[in-house]
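The structure appears right after this line, and notes come after that.
Please treat every number below as a calculation from the coordinates, not as lab data. Everything numeric here is computed off the predicted structure, so don't read it as measured data. Neighbour counts run over all protein chains shown; Cβ positions are idealised from the backbone, glycine included.
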Amino acid sequence: MSIFEVKIPRRRDCQLMDMADPLRVLRHQFVLPPDTIYLDGNSLGVLPKATTARVADVVTREWGEDLITSWNKNGWFDAPRRIGDKIAQLIGAAAGEVVATDTTSINLYKVLSTAMTIAAQNSTTRRVIVSERGNFPTDLYIAQALCAERGFQLHLIDQTELTTALNSDVAVLMLTHVNYRTGFMHDMESVTAAAHHAGALTVWDLAHSAGAVPVDLHAALADFAVGCGYKYLNGGPGAPAFVWVHPQHAERFWQPLAGWWGHAAPFAFSPQYQPAAGISRFLCGTQSMLGMAALECGVDTLLAAQVHGGMAALRKKSLALSDLFIQLVEHRCGGYGLEVVTPQEHSLRGSQASFAHSKGAYAIMQALIARKVIGDFRAGAAGGTVADGEDILRFGFTPLYLGFDEVWQAVEHLRQVLESGEWKAEKFMQKLAVT
Ligand SMILES: *Cc1c(COP(=O)(O)O)cnc(C)c1O
């Protein structure tokens, strides 16, 4: 079907879609600055209304009055497990299999190291970790550090080379489920099956999946997973991350950061480390309870969607939002050099839409941000494919709080920015520290 035969939604149509949207009520859980269209929940989720009072309560009452008794009395000690159980519901894991703790980078270090230990025990020849060149750099850096430490090699491939790369040297396949730049989503189940068939373990990074797309770790037979608390889980800047290990692996080895919170009896103060049962051994040290409190409020905003159909309903709306955005950009912003790099096919797309622009990606995004349409920019790495080689504008779609009319307005701003050429102003070229 050519584009001319497709009915392009008008603004009124988008407003009607909002009125008919059963998930619209979930928006009231959030503080949304007026006049701002926030398309960056994939980088930093917005503030839930409940968080402010909850964090204040942790400070003034729990810390201020109950002091150290809060570790028992106010559920501080169990917070990583309690919040982990809630996150488990979003990613197809069971209660007792997830802990909220540390950062994504640190959790990746723990699970990748554990996977390497298992592989080394099973085989004397498998010494390769396979990942994608276009993976999020921290994942690659952690893998590089572990390879240097353990005498393994990191083999970086393009997405299309996956099946051929899985040979008998591969110990671990480490992938991010949804690519942070392009929004491409792997089929976790078939990729995991291919890795297992080749004799490799899988480590999945769910940074752009948890709370964004349905994930079923058990159905996929995944081995290890980590994910981020401050993106789609709305846990706040620097929120604790999470880690999941399949129960068949959880108790096989110590994880490398064997701190006292992962001890079987931390308050026995034994000089000898003895790992806790199950996922608890993937804890290391004392966690920030302010961070935990905020993360729990964020995760609760997603659990509130369960009565409205949960992740399946959120997914349906997310795809409708990104479909609308892509369709409107193609129809209304044609001829300005924007090239969609996010797959059109639903099964291959996360909850974002990214566009390459050869010269102006940064400045166009800055001009949009000046109009309070907030997405972000990701620089291309030198000499790569579209997955890592081109500057892109990135727009995240969080169905918990985003509406169809906002999508329409965002595209209208983009059209105006492109048509007027206002992005070419000098002030939009200045690179800030965080893009
Ligand atoms: C956001 C993100 C991270 C972030 O790691 P931190 O340790 O929280 O800084 C890691 N991996 C991926 C794939 C991400 O998208």
Setting aside same-chain residues fewer than 8 positions from Lys427, which lysines have a Cα under 21 Å from its Cα? Lys359, Lys372
For the chain, calculated [θ]222 nm from helices alone, where every DSSP H run of n ≥ 4 adds -39500 (n - 2.57): -10500 deg cm²/dmol
So what's region 53-304 giving for Cα Rg divided by 2.2 N^0.38 Å, two decimals? 1.01
Over the alpha-carbon set of region 231-270, divide Rg by the Kirkwood Rh and report the Rg/Rh ratio to two decimals. 1.08
GluC sites (Glu not before Pro), loop per DSSP, at most 10 other Cβ atoms within 10 Å - longest free stretch of the chain: 66-344
For a label point 7 Å from the Cα of Thr60 along Cα→C-beta, name the residues of region 72-116 whose backbone N is under 14 Å from it. none
Distance from region 300-371 to region 399-435 (C-alpha centre basis), Å: 13 Å
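Multiplying the sequence separation of Ala53 and Ala193 by 0.36 nm and subtracting their Cα-Cα distance, what value in nm do you get? Numbers along the way, then the final one.
Values: separation 140, 0.36 × 140 = 50.40 nm, distance 4.51 nm.
That pair, Ala53 and Ala193, stretches by 45.9 nm at full extension.
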How high is the relative contact order of region 8-164? Use alpha-carbon pairs under 8 Å, at least six apart in sequence, and give a whole percent. 12 percent
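Could you check what % of the DSSP bridge pairs in the chain are antiparallel, to the nearest 5? Write down the numbers at each step before the final one.
Values: 22 of 40 bridges.
Around 55 percent of the beta bridges assigned by DSSP in the chain are antiparallel ones.
Please give the length that would be gained between Arg24 and Arg150 if that part of the chain were fully extended, namely 0.36 nm times their separation in residues minus their C-alpha to C-alpha distance (nm, one decimal). Walk me through the numbers on the way to the answer.
Details: separation 126, 0.36 × 126 = 45.36 nm, distance 5.01 nm.
Using 0.36 nm per residue and subtracting the Cα-Cα distance, I get 40.4 nm.
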Take Asn167 and Val340, extend 7 Å from each Cα along the Cα→Cβ direction, and tell me the distance between the two endpoints in nm. 3.8 nm
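Enter the mean projected area of the convex hull around the alpha-carbon atoms of the chain, in nm², rounded to one decimal.
Numbers: hull surface 89.7 nm².
Computed as one quarter of the Cα hull surface, the answer is 22.4 nm².
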Amide hydrogen neighbours beyond the local backbone of Gly236, cut-off 5 Å, H modeled: Gly45
Is any residue of region 237-263 close enough, with backbone N under 18 Å, to a label point placed 7 angstrom from the Cα of Thr138 along the Cα-Cβ axis, and if so, which? 237-244, 257
By how many degrees, 0 to 90 and rounded to 10, does the Cα axis of helix 310-332 deviate from the longest principal axis of the chain? 40 degrees
Distance between Cα centroids, region 46-119 to region 152-222: provide it in whole Å. 25 Å
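Which value results when the Cα radius of gyration for region 1-110 is divided by 2.2 N^0.38 Å? Present the calculation step by step, with values, prior to reporting the outcome.
On the way: Rg = 20.8 Å, N = 110, 2.2 N^0.38 = 13.1 Å.
Ratio of Cα Rg to 2.2 N^0.38 Å: 1.58.
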Filter the trypsin sites (Lys or Arg not before Pro) in region 295-372 to those in DSSP coil with at most 16 other Cβ atoms within 10 Å of their Cβ, and list the result. Lys359, Lys372
